[in-house]
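Accompanying notes for the structure given below.
Values in this text are rule-based calculations from the coordinates and carry no lab data. Keep in mind the model is a prediction, meaning the values are calculated, not measured. Note that each Cβ is placed from the backbone with ideal geometry, even for glycine, and that neighbours are counted across all protein chains shown.
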Amino acid sequence: MWQRRESLKQSEPGALGWCFFCSKIWSSPALSPIQATMMAGKETQFSKGGGSKNLTNGTGTSQGQWGRAWKIDWFSLASVIFLLLFTPFIVYYFIMSCDQFNCSLTKPAIDLLTSKVTLVDIWNKTPSLTWKAATIYTSWVVFQIILFMLPDICHKYLPYYRGGLQEGAVTPSGLVLKYEINGLQAWLITHALWFTNAYVFRWFSPTIIFDNWIPLLWCANILGYAVSIFVMIKAYLFPTNAKDRKFTGNFFYDFMMGIEFNPRLGKWFDFKLFFNGRPGIVAWTLINLSYAAKQQELHGQVTNSMILVNVLQAIYVLDFFWNETWYLKTIDICHDHFGWYLGWGDCVWLPYLYTLQGLYLVYHPIQLPTGNAVLLLLLGLVGYYIFRMTNHQKDLFRHTDGNCKIWGKKPKYIECSYTSADGTKHYTKLLTSGFWGVARHFNYTGDLIGSLAYCLSCGFDHILPYFYIIYMTILLVHRCIRDEDRCSSKYGKNWKSYTDVVPYRLFPGVF
């Protein structure tokens, strides 16, 4: 929707690292997270609602507008260190709360403060890493790598294959990377094998993920840290493209935010695309299915609330892979460097915290009244429809340069101009028709509506399943403010004209 960076001197204190986690997910064409993905609503490299003319090297941005900040201040550094130190413990706390305290987030803290339990007690009750979990996780990652690296198999044997060779955006050094897109096929193959092996041949139990959930957490952490350390060493010793690196001179910041723009091994294994799209997002729906199987095993039924969570989140996951080519134009691929916040975040944060609703329902099965279940399903579908159609209107307007119809009418827009860091003048259009005339970030609104639906499916007894909607609201509100501050600086009086026409950010009449 707009460029991530305005100039080399701009930095994003504190929230830079925090907001990453959200932008997964799926940010999203699919996950509200899922491109949270399903994540948080994705931002593209193009200006909001339209394309640009007279662009440098054929891109919508100059080199000075690419990637993360070059410099950091003390607050950014403190935030980065805090995230590096404490986010792994946050994930552990949530998972441990379900495993030992029936999904209560307050009881562990209260019991510790009142000396009813000690940290040693909690740790001793925590399942440790096992060879079984290590084998499962290693096999899973290797299998996803094989699917990622062998798209020719999909071309040969899948008649409805939608992927293929795609070009990404121009990198800061002027390089145009190529990608083989086969995420949808990888998801279909993975799930077909899951159902075949779990329910037909019965080679493993469909509860296998839940049964090894905490041991698998240690495996995910090992991979997340290992890949983060590897890409940092690689950036120094054998970078994919030495010109597509950014150094701040601070070890912690570079480790977290990444140095290389697009680290690759060989011609095709792209770390950023692989870890953003697999293995975490492919696993998302399998994790939910395993939760459903465990609920059936423990309670003799799969409740309609569990079905709702599975269906609504699966829609976002499938949307992500169906639009994987579009994902190449998002902030994750076009602007983020690959470091710990993507490597560890995609391995640990996404699969463990974006699936809390299903985990909660294993411990607290809820059978909703039929009317309530139908209303929540409709709420989730409305959220998805708003999210998808808002993004579709933007893409349609951009690709046709405004020569289209939105809601049956010729679209309205604000014409803008701006000058990039290299002195080049650019022209663009800000769409004010359709959903983009309702609010300036109405795709985010759809994300929040969908997120609320599957949180509400869990009832009101505990706060844990509402982590996602709280987290997404903070993320997206901050993202609105951050992005609009950048747009105001970028477009000047044109931005003021735009906000006069579209006065609300997320919720008409409220915010």
### Query
Within the set Lys329/Lys412; Lys409/Lys493; Lys234/Lys267; Lys405/Lys425; Lys234/Lys329; Lys125/Lys294, which residue pairs have Cα atoms separated by over 19 Å?
Lys329/Lys412; Lys409/Lys493; Lys405/Lys425; Lys234/Lys329; Lys125/Lys294
### Query
Roughly how many debye, to the nearest 20, is the charge dipole of segment 402-476 about its Cα centre, given +1 on each Lys and Arg Cβ, -1 on each Asp and Glu Cβ, and no other charges?
560 debye
### Message
Could you tell me the extents of segment 418-511's C-alpha atoms along the three principal axes, largest first, rounded to whole Å?
### Response
56, 28, 16
### Summary
Here the residues of segment 171-194 lying in the modelled label zone of Phe204, meaning backbone nitrogen under 19 Å from a point 7 Å along Cα-to-Cβ, are 186-194
## Note on the structure
So the FRET efficiency between Thr196 and Val311, C-beta based with R0 = 22 Å and rounded to 0.05, is 0.55
### Cut-off 14 Å between beta-carbons: net charge of the residues surrounding Pro127, Lys and Arg +1, Asp and Glu -1
0
### Query
Which ordering of Arg479, Arg486 is given by a fewest-first count of other beta-carbon atoms within 10 Å?
Arg486, Arg479
### Unit charges on C-beta of K, R, D, E only; dipole of segment 70-145, Debye
80 debye
#### Entry: Taking His337, His478, His462, His399 and counting other C-beta atoms within 10 Å, the order from fewest to most
His399, His478, His462, His337
### Message
Place a point 7 Å from the Cα of Leu113 along the Cα-to-Cβ direction; which residues of segment 446-463 have their backbone N under 14 Å from it?
### Response
none
### Message
Along the Cα→Cβ direction, 7 angstrom out, place labels at Asp485 and Leu85. What is the inter-label distance in nm?
### Response
2.4 nm
### Task
Fewest Cβ neighbours within 10 Å first, please rank Tyr363, Tyr316, Tyr352 accordingly.
Tyr363, Tyr352, Tyr316
### Task
Grab the alpha carbons of segment 371-422, take their convex hull, and tell me the volume per residue in Å³.
127 Å³
### Task
Give the calculated FRET efficiency between Cys404 and Leu175 to the nearest 0.05, with a Förster radius of 35 Å applied to their Cβ-Cβ distance.
0.65
### Summary
Percent of all Cα-Cα pairs per 5 Å bin for segment 193-316, counting from 0 up to the last occupied bin, reads 2, 9, 14, 17, 14, 11, 10, 9, 8, 5, 2, 0
### Task
In nm, give the distance between the simple-model label positions of Trp322 and Ile229, each being 7 Å from the Cα along the Cα-to-Cβ direction.
4.2 nm
